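Peer 1: Got a structure for you, written out below as structure tokens; questions coming shortly.
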């Protein structure tokens, strides 16, 4: 195949798949959130449009499309309009480095892992500009908060991606999937997987880290002034598109990518993505929101040191046992996960008690009214 | 003409036009955005040179971290009207001909120059890069960590509230 | 592998001391920081000793990134002495301004590490990282008194101009790499010496390198930052900044211009002559107009850079080691006398509400006879009057210029030197032959600023100035030896 033809084919594939993934996510996920969280909190959720409410997303889409596109009078209009588009670059580009099945990757880069992380910069930039351009203090605060959070949690995210890269010995996502032929990395590095999930929730501004949109403090954060299709862009395409990218990355790094019983194909990958997305929704329905100070402390004082220790020990084991490092790494990782889970209860209870004593001296744990 | 030539000019424009805009813009936020565009252009230059890791690092570090922090600093310190300021405005008339003359001289000389560093490998693999960085250039690489340390110390020294003594 | 570590043991010592300083500083109460300077000074001594023990070694290491040769040994010991002296001068001044922090000494040490790397680097990448380490630390030292507007202004100016200088230098280095395909000094030297390279590009590279270095050493026409920075920076930091970076930059300049571009001297010598004359002219004439002593010393240091560039021309022209060794000896003498002069200003600022102005020097001999005596010796030396180090250094330097066949340049240099004598001697006249204005005399508080480490530093600087003036042979021999043992020449 000539160079030019292959370039055109790749370009078209990149555009089609890159646009399809966020678009499908924007249609499926918001609806799934509403129905599933409705189910979890013993409500119905939207069930009027079409059978079991299945056409609700389309109705929502049409409504957003028909709404007037308003920009605040004092907003910086150019940036206000540009910001959603900048943020949208991330999901469109990041899809192109994900391997969907054996030999099917739109852009088979040998440094795909780094690119996935690098592309996430655009969303950060878009959110920051949206917050600034809106000329609204809630927007600005929401934007700044969101960006501080995303930048902070990007560090543990990258550290754990590096752990996987070390286990594989390559930065290519195809090699990552290839290395999981015998065992998925979730079984080798459950600790990294846990941190990946937690940091991912924060990166995506999802519960319990959805402070940027904390409606009780910030109205709707950087989204406050957005309406109509621009709101749809941000809320649907960017946020849920990024959720899909995160799930695709997680499935590729930890759950064996397109591998599965019978034959490896994109179906398995989509199934794994749906499982991870379900986890996101589950968290949404289960967890309360953190406070700002807790959020930052958790990133810098817990996740990053934990990831650094994990990185250091894994690296050491790889150097010491270059031929059979997977069992000891798995042993270490599982041991630390179990330790953390066992310790979590007592430590949290103590911290809670200390806090309650500080707020309301005299009360003891278990005797307070709430 | 090789097919890469027009791509090269396109990518160079992606670097140069935002760079000029960055200096010329009066609104700091716009300047910062132009700078980000310039960084993205540089990443594109790396891509055309098959240096994909460098391109990704450029995006990750310059667009994802440095520019964001700069924007953060501007937004937190400036009043939002985007203080309009242009440094050295009286000197710009003298700077223009001087800069133009330098550009012409550099253009003429470097345009016709023969460089021998083109013998570098065409496809710098990540492994090659790593072995260069951690073997031949290990010392400057480690020394760079001291530069970063000094930068951190400096940030604390200049920005931290006075200690209670 | 063993060799690798031997070559950087002194740097490692300084880094370790800097890290310890940074670590323990936050845990100390304000009074406990009193002795911190000695931690830094005590790190310099074993570092210098380890440099001295390795003086007979001659090899390059870290994939030919740095060289351990006689040249590096001379510069490393000189730089360590400068750092130790700077830390001796500092403590009391920092305490009086409420900024007695371990970070200061850590920055001095890290800047010294950067300078030592610059002096021993034989690879462009290594050199540049060392340069940035030195530069970044210097900007911070200039702005260390962050509650003083002038200090912050100095830091900002230094940072902006210095960043431009680094960029210009980097452009020049990139052109050298592009031309020769190597970052190693020796290989670049061989490639340029072959004469098959594009001469126009070499000229551009030379101009860019010269411009970048001119910024770093404050040579005309890129000297503008120096007076503002030295005036605004904390005085002990100014003492360090006016000497350390220049020494390191000249170490690099010698390697760049006489080794790497040695075969191209016909291209850079004419340019260098123009720069040198302009530098001497601006330094000597502008210093005449200054009433602020720190600004005066800044312009005087610009003039001294002009003399040093004359010797560089000699070194490039004559292919003998005379010029280079003259630069080395001059740098040693300049370090002692310039730091001493700034040290006297530190002493006065500690003792009184001293604003560095010439008027306040009036009648100093009666109020502070010791300080006045030290200042007089140092001013004689800066002016180049025997029997001081300044005289011998200048004599040796101009001799090297004459030897290289540039008698007329030497004559110009001597003329400017005569002009410069005026403003140095003016200080002595003020100190010994003028009565102070009444309001100036009133604010002096004798005895308030005594600190024995500052006195020790001043004493050492003066002693070096006199000893070098009487007994120059050891240092002179060391300088000649160092230049003879430069790798790759």
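Peer 1: Within the stretch C:5-25, can you find the residues that are away from chain B (no Cβ under 12 Å) and farther than 19 Å from residue C:115 by Cβ?
Peer 2: Passing the criteria: C:6, C:20, C:24.
Peer 1: Within the group A:236, A:256, A:260, A:232, which residue is free of Cβ contacts under 8 Å to residues at least 60 places away in the same chain and in contact with a helix residue (DSSP H, G or I) (Cβ under 8 Å, 6 or more places away or on another chain)?
Peer 2: From the options A:236, A:256, A:260, A:232, the qualifying one is A:260.
Peer 1: Oh, and also: In this structure, is residue A:321 in contact with a helix residue (DSSP H, G or I) (Cβ under 7 Å, 6 or more places away or on another chain), surrounded by fewer than 16 Cβ atoms within 10 Å (Cβ to Cβ) and at pLDDT below 85?
Peer 2: Answer is yes for this residue.
Peer 1: Still on this structure, I have one more. Hey, can you tell me all the residues within the stretch C:309-328 that are within 19 Å of residue C:391 (Cβ to Cβ) and either touching a strand residue (DSSP E or B) at 6+ places or on another chain (Cβ under 8 Å) or buried (at least 24 other Cβ atoms within 10 Å of the Cβ) (or both)?
Peer 2: Answer for the stretch C:309-328, where residues must be within 19 Å of residue C:391 (Cβ to Cβ) and either touching a strand residue (DSSP E or B) at 6+ places or on another chain (Cβ under 8 Å) or buried (at least 24 other Cβ atoms within 10 Å of the Cβ) (or both): C:310, C:311, C:314, C:323, C:325, C:326, C:327, C:328.
Peer 1: In the stretch A:186-195, is there at least one residue being without any contact (Cβ under 8 Å) to a residue 12 or more places away in the chain and either away from chain B (no Cβ under 11 Å) or under 21 Å from residue A:221 (Cβ atoms) (or both)?
Peer 2: Within the stretch A:186-195 (the criterion being without any contact (Cβ under 8 Å) to a residue 12 or more places away in the chain and either away from chain B (no Cβ under 11 Å) or under 21 Å from residue A:221 (Cβ atoms) (or both)), the answer is no, since none of the residues qualifies.
Peer 1: Please name all residue pairs, on different chains or six or more residues apart, with Cβ atoms under 7 Å, provided the first residue is in the stretch A:109-130 and is more than 7 Å from chain B (Cβ to nearest Cβ) and the second residue is assigned to a loop (DSSP other than H, G, I, E, B).
Peer 2: A:112/A:171; A:112/A:172; A:113/A:171
Peer 1: Next question. Which one is nearest to residue C:453 (Cα to Cα) among residues in the stretch C:26-54 that are at the interface with chain B (Cβ under 10 Å from one of its Cβ atoms) and touching a helix residue (DSSP H, G or I) at 6+ places or on another chain (Cβ under 9 Å)?
Peer 2: Filtering first and then ranking leaves C:33.
Peer 1: Continuing with this model, one more query. Can you pull out every residue in the stretch A:173-185 that is touching a residue at least 24 places away in the same chain (Cβ under 8 Å) and either surrounded by fewer than 19 Cβ atoms within 10 Å (Cβ to Cβ) or in contact with a helix residue (DSSP H, G or I) (Cβ under 7 Å, 6 or more places away or on another chain) (or both)?
Peer 2: A:173, A:176, A:177, A:181, A:183, A:184, A:185
Peer 1: I need the full set of residues from the stretch C:142-158 which are facing chain B (nearest Cβ under 10 Å) and either surrounded by 17 or more Cβ atoms within 10 Å (Cβ to Cβ) or within 19 Å of the chain's Cα centre (by Cα) (or both), in order please.
Peer 2: C:143, C:144, C:152, C:155
Peer 1: While we're here: Can you tell which of A:83, A:87, A:52 is out of contact with any strand residue (DSSP E or B) (no Cβ under 7 Å at 6 or more places or on another chain), assigned to a helix (DSSP H, G or I), modelled with pLDDT under 85 and more than 9 Å from every other protein chain (Cβ to nearest Cβ)?
Peer 2: Result of the check over A:83, A:87, A:52: A:52.
Peer 1: How many residues does the stretch B:47-71 contain that are within 20 Å of residue B:132 (Cβ to Cβ), part of a helix (DSSP H, G or I) and more than 12 Å from chain A (Cβ to nearest Cβ)?
Peer 2: 0
Peer 1: Mind checking which residues of the stretch A:15-71 are surrounded by 16 or more Cβ atoms within 10 Å (Cβ to Cβ) and on the phi > 0 side of the Ramachandran plot?
Peer 2: Those that are surrounded by 16 or more Cβ atoms within 10 Å (Cβ to Cβ) and on the phi > 0 side of the Ramachandran plot: A:45, A:53.
Peer 1: Residue A:316 versus (1) outside the structural domain of residue A:202 (by TED's automatic domain parsing); (2) more than 27 Å from the chain's Cα centre (by Cα): which is the lone unmet condition?
Peer 2: Unmet for residue A:316, out of (1) outside the structural domain of residue A:202 (by TED's automatic domain parsing); (2) more than 27 Å from the chain's Cα centre (by Cα): (1).
Peer 1: Got a sec? Which helices (runs of 4 or more DSSP H) wholly within the stretch C:228-330 have at least 3 residues that are within 16 Å of the chain's Cα centre (by Cα) and modelled with pLDDT of 90 or more?
Peer 2: C:235-241, C:244-253, C:293-318
Peer 1: Does the stretch A:117-134 include one or more residues that are touching a strand residue (DSSP E or B) at 6+ places or on another chain (Cβ under 9 Å), in a helix (DSSP H, G or I) and closer than 18 Å to residue B:44 by Cβ?
Peer 2: Within the stretch A:117-134, none of the residues are touching a strand residue (DSSP E or B) at 6+ places or on another chain (Cβ under 9 Å), in a helix (DSSP H, G or I) and closer than 18 Å to residue B:44 by Cβ.
Peer 1: With respect to residue B:44, is the statement that it is more than 12 Å from every other protein chain (Cβ to nearest Cβ) and within 20 Å of residue A:97 (Cβ to Cβ) true?
Peer 2: Spelling it out, residue B:44 is indeed more than 12 Å from every other protein chain (Cβ to nearest Cβ) and within 20 Å of residue A:97 (Cβ to Cβ).
Peer 1: For the stretch A:151-245, list the helices (runs of 4 or more DSSP H) that sit wholly inside it and hold at least 2 residues that are assigned by TED's automatic domain parsing to the domain that holds residue A:73, more than 25 Å from residue A:272 (Cβ to Cβ) and at pLDDT below 85; which are they?
Peer 2: Qualifying helices (runs of 4 or more DSSP H): A:215-218, A:228-232.
The values are calculated or read from the model by the stated rules, or taken from the named source; none is laboratory data. Note that this is a predicted model, so its numbers are computed, not measured. Quick reminder, even Gly has a Cβ in these numbers, built from the backbone with ideal geometry, and neighbours come from all protein chains shown.
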